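Down below is the structure, laid out as structure tokens.
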Amino acid sequence: MIYYLGLGANLGQCEQTLRRAIERVKKIPDVKLLRVSSFYETEPWGVEGQPNYINAAIKISTELEPLAFLDELQRIEFELGRIRRKRWEARIIDIDILYGAKISCERLTVPHKFLFERDFALIPLAEIFPTLKFNLRGDKVIRVAGSPIDFKFKLVACVDKNFGLGKGGKLLFKIPADLKNFRRLTLGHTIIFGRKTLETFPNQQPLDGRRNIILSRSLKNISGAEIVGSVAELFNVLDTAEENFIIGGAEIFNEFIPYATEIFLTVVDVVAEADTFFPSVDEFTLRGVKTFKGFEFRRYTL
């Protein structure tokens, strides 16, 4: 089932809290995060005298039953510090199921019963659900920085025809033209990767001419690289003005594809014996293909 969620916060460090909430939704078992909207600042709805909200929308797929999924979302709210006292109070985090398979019971109504009265929900939702039909009320909704998509994550990989990445911890291909293209794309920018990808580098050393960030909970110190323990921590050390390239491995690609704005794939015209694969690009549009003998350079965008 596909569901669209609305997230909002108007207490504390709102942008950081929303990113943490999205990360936690992403890690619910049997839930896959597909898309994330920009963040938007809005005035409180239905109440006066509160700070403005930061709002966002996300798209997920899940096999969980709706009420079981709701339980998971309310668990996340509680873990992030929400205490329910009264209706429409200021809150550190709010996660609502806005749209999806219809349901109406005491605990849950989908679509959300106020969805089409709230521009603060509809505007971020429209960004990731462009076919939804609705009319706006004209409320003041302002796009602000801080969403995961504002960090301009770009995924770069070389794969076979079935999007295979590697086997036994090693890359499937080392194509000079691909390596040259990789250097052209990433030189002067930030590259983000995992420990296993570091092991594929020459002499297992960070790459020169780039800011190297390794996502790892086990590594301690690597000369020429920064080590960050989680995606949530990573947001705190990145600059939204920079282009950030995700370069592997498979687990890292899966972590970041919901946040990516572009994907650059070198697709080799063979089927290799891979045991790790690049994630689905179904949410993206193929924007350009350059064909060479035996492989293609492909560019995808949202």
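Once the Cα atoms are used to define both axes, helix 119-128 deviates from the longest principal axis of the chain by about 20 degrees. When the Gaussian network model of the chain links Cα atoms closer than 10 Å, the mean-square fluctuations of 125, 98, 179 top out at 179. Of the GluC sites (Glu not before Pro) found in segment 195-258, the ones in coil according to DSSP and having at most 15 other Cβ atoms within 10 Å of their Cβ are 199, 242.
What is the local net charge at residue 45, summed over the other residues whose Cβ is closer than 9 Å to its Cβ (Lys, Arg +1; Asp, Glu -1)? All intermediate terms of the calculation are to be shown ahead of the outcome.
Details: positive: 118; negative: 43, 117, 119, 139.
Residues near residue 45 contribute -3 overall.
Given the pairs 102/152; 59/293; 59/180; 180/220; 32/170, which are separated by over 32 angstrom at their Cα positions? Write down the numbers at each step before the final one.
Values: 102/152 34 Å; 59/293 38 Å; 59/180 35 Å; 180/220 30 Å; 32/170 27 Å.
With Cα atoms farther than 32 Å apart: 102/152; 59/293; 59/180.
Of all DSSP bridge pairs formed entirely within segment 152-301, close to 45 percent run antiparallel.
The GluC sites (Glu not before Pro) of segment 61-108 that meet both conditions, a loop assignment by DSSP and at most 11 other Cβ atoms within 10 Å of the site Cβ, are 63, 106. Could you work out how far helix 176-186 tilts from the main Cα principal axis of the chain, as a 0 to 90 degree angle to the nearest 10? It works out to around 40 degrees.
Projecting the Cα atoms of 166, 148, 179 onto the dipole axis of segment 129-186, where Lys and Arg carry +1 and Asp and Glu carry -1 at the beta carbon, places 179 farthest toward the positive end.
Electrostatic bookkeeping for residue 200 treats Lys and Arg as +1 and Asp and Glu as -1; over the other residues with beta carbon under 11 Å from its beta carbon, the sum is +3.
Computed from Cα atoms, the angle from the helix 66-79 axis to the main principal axis of the chain rounds to 90 degrees. If R0 is 35 Å, the Cβ-Cβ spacing of residue 113 and residue 199 corresponds to a FRET efficiency of close to 0.10. Among 152, 27, 59, the largest mean-square fluctuation in a Gaussian network model of the chain, built with springs joining Cα atoms closer than 10 Å, belongs to 27. Every Cα-Cα pair of segment 176-254 was included, and the share exceeding 16 Å stands at 49 percent. Across segment 2-144, the volume of the C-alpha convex hull divided among the residues equals 107 Å³ per residue.
No value in this document is a laboratory result; all are computed from the given coordinates. On a predicted model such as this, the values are computed, not experimentally measured, just so you know. Don't worry about glycine lacking a Cβ; one is built from the backbone with ideal geometry, like all the others, and counts go over all protein chains shown.
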